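Okay, structure first, notes after.
The values are calculated or read from the model by the stated rules, or taken from the named source; none is laboratory data. Nothing here was measured: the structure is a model prediction, and the numbers come from that model. Cβ atoms come from the backbone with ideal geometry, glycine included; neighbour counts cover every protein chain shown.
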Amino acid sequence: MEKTARAAKGEENFLYPVPAVMISCGDFESGGNLNIITLSWVGVLCSAPPYLYVSIRPSRHSHGIIKETGDFVINIVTTELAASADFCGVKSGRDVDKFKETGLTPVKSQFVKAPGIAETAVNIECAVREIKPLGSHDVFIAEAVGVSFSDYDAAKLICNAGGKYYELGNFIGKFGYSIKK
Ligand SMILES: Cc1cc2nc3c(=O)[nH]c(=O)nc-3n(C[C@H](O)[C@H](O)[C@H](O)COP(=O)(O)O)c2cc1C
């Protein structure tokens with residue numbers, strides 16, 4: 001394999017695959033500012049307590065909403081919802097009602113103001129604990145305070161590799177299989 005010493009620069013940081021998830025936000029009770037934004041700069045920070053992060057450009061409509069309400073829901077995307085996720089990643093809630101346009105259904109969460117998306121297999125309810133500006137993006141460090149899921153195993157999950165969406169492929173082994181007798 002040819003290796004090139006090349007500094008990570010601009011908007012590229014060369015770590016793929018990454019998730020492509022839909023983040024729902026706004027206040028479900030009042031119906032205020034309900035929105036969905038698709039994000040890939042998302043990940044796990046800590047198991048116990050369960051902490052996650054999402055990185056959002058301050059220019060995004062969702063940035064202001066999440067900053068104000070202090071919470072959001074991470075909705076895992078499956079193949080069936082890939083086109084809706086793409087739509088929520090190219091259109092702004094400033095211009096369109098993304099719940100209406102995609103036909104996705106907001107559902108009341110247990111522990112946060114933001115609604116989950118009914119059609120997704122997994123909803124992770126997150127309470128923002130810290131916002132860290134890094135440059136192009138602000139990192140929202142959040143505690144996962146609730147989760148609801150239907151059938152994780154049956155769900156056809158997708159990921160983002162270099163701006164292209166892929167369905168996860170064949171099962172090839174599980175944690176620790178390399179040393180199991
Ligand atoms: C696959 C995908 C991943 C994205 N990841 C991010 C991200 O991690 N952070 C971000 O700020 N924007 C990301 N975006 C762009 C936003 O989703 C997009 O600008 C969206 O229209 C913003 O919506 P809003 O203005 O309603 O908040 C991504 C878009 C796509 C399609």
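Tell me, yes or no, whether the range 28-42 has at least one residue that is under 28 Å from Gly162 (Cα atoms) and away from the ligand (no atom under 11 Å from the Cβ). For the range 28-42, residues under 28 Å from Gly162 (Cα atoms) and away from the ligand (no atom under 11 Å from the Cβ): absent.
Selection of the range 93-137 for residues being small (Gly, Ala, Ser), over 16 Å from Cys25 (Cβ atoms) and within 13 Å of the ligand (Cβ to nearest atom) yields Gly135, Ser136. Which residues, taken from the range 140-165, are aromatic (Phe, Trp, Tyr) and modelled with pLDDT under 95? Matches in the range 140-165: Phe149, Tyr152.
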